[in-house]
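The values are calculated or read from the model by the stated rules, or taken from the named source; none is laboratory data. For clarity, every value in this text was computed on a predicted model and none was experimentally measured. As a convention, Cβ positions derive from the backbone with ideal geometry for all residues, glycine included, and neighbour counts pool all protein chains shown.
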């Protein structure tokens, strides 16, 4: 790392520390980090025919508190699935990735219960290969979600439901990417 970059890094870290030190009440619950794993229920009926009605999907989320109970958060989710075309019984393979984020409200209901309500946008990247044809693309869609979490000190355990989807078309046929998710969550807030 050259000396100019080191200087910028040192100044940036110093400013963050100086802004952070005088306000201990603002430091609490500043960062939210979570991992969830659950089922995706695809929104597209044609996709369900080839790959099934539900797919196991992991998701990572990172949030930073802006003010009060309002967080700016980002999420990443990806999966890969093999299937079979319905009439010809040919093998098919699909990959989907979602990178997005938005704003969330994360208030406490009681001393140990918190609710998560978020909305934002997501870039959906997909690739599907079947019968010698490969289709891929990237579309922007929307994301809405909600969850209920039990909090003990800095650990969060809970359930989350979300809908993340985008639309595209191939040779005049419209299709949806993504769908509804239901998952269990393990997170940390500090």
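For residue 138, state whether it is farther than 23 Å from residue 38 by Cα and either assigned to a strand (DSSP E or B) or in contact with a strand residue (DSSP E or B) (Cβ under 7 Å, 6 or more places away or on another chain) (or both).
Working: farther than 23 Å from residue 38 by Cα: yes; either assigned to a strand (DSSP E or B) or in contact with a strand residue (DSSP E or B) (Cβ under 7 Å, 6 or more places away or on another chain) (or both): yes.
Yes, satisfied.
Figure legend. Inter-residue proximity from the stretch 91-105: first residues over 17 Å from residue 48 (Cβ atoms), second residues modelled with pLDDT under 95 and not in a strand (DSSP E or B), beta-carbon distance below 7 Å, spacing 6+ or different chains. Indicated pairs: 105/69. Picking from residues in the stretch 47-89 that are part of a loop (DSSP other than H, G, I, E, B) and modelled with pLDDT of 95 or more, the one that is farthest from residue 161 (Cα to Cα) is 52.
Screening 147, 178 for residues that are over 30 Å from residue 83 (Cα atoms) and surrounded by 14 or more Cβ atoms within 10 Å (Cβ to Cβ) leaves exactly one candidate, 147.
If we scan the stretch 20-33, do we find a residue that is within 30 Å of residue 127 (Cβ to Cβ), at pLDDT 90 or above and either part of a strand (DSSP E or B) or under 27 Å from the mean Cα position of the chain (by Cα) (or both)? So that I can check it myself, show each step before the final result.
Initially, the stretch 20-33 is screened for residues within 30 Å of residue 127 (Cβ to Cβ), giving 33.
Cutting the leftovers down to at pLDDT 90 or above gives us 33.
Filter again for either part of a strand (DSSP E or B) or under 27 Å from the mean Cα position of the chain (by Cα) (or both), leaving 33.
So far as the stretch 20-33 goes, yes, one or more of its residues are within 30 Å of residue 127 (Cβ to Cβ), at pLDDT 90 or above and either part of a strand (DSSP E or B) or under 27 Å from the mean Cα position of the chain (by Cα) (or both).
Can you name every residue in the stretch 104-118 that is in a strand (DSSP E or B) and exposed (fewer than 14 other Cβ atoms within 10 Å of the Cβ)? Of everything in the stretch 104-118, those that are in a strand (DSSP E or B) and exposed (fewer than 14 other Cβ atoms within 10 Å of the Cβ) turn out to be 108, 113.
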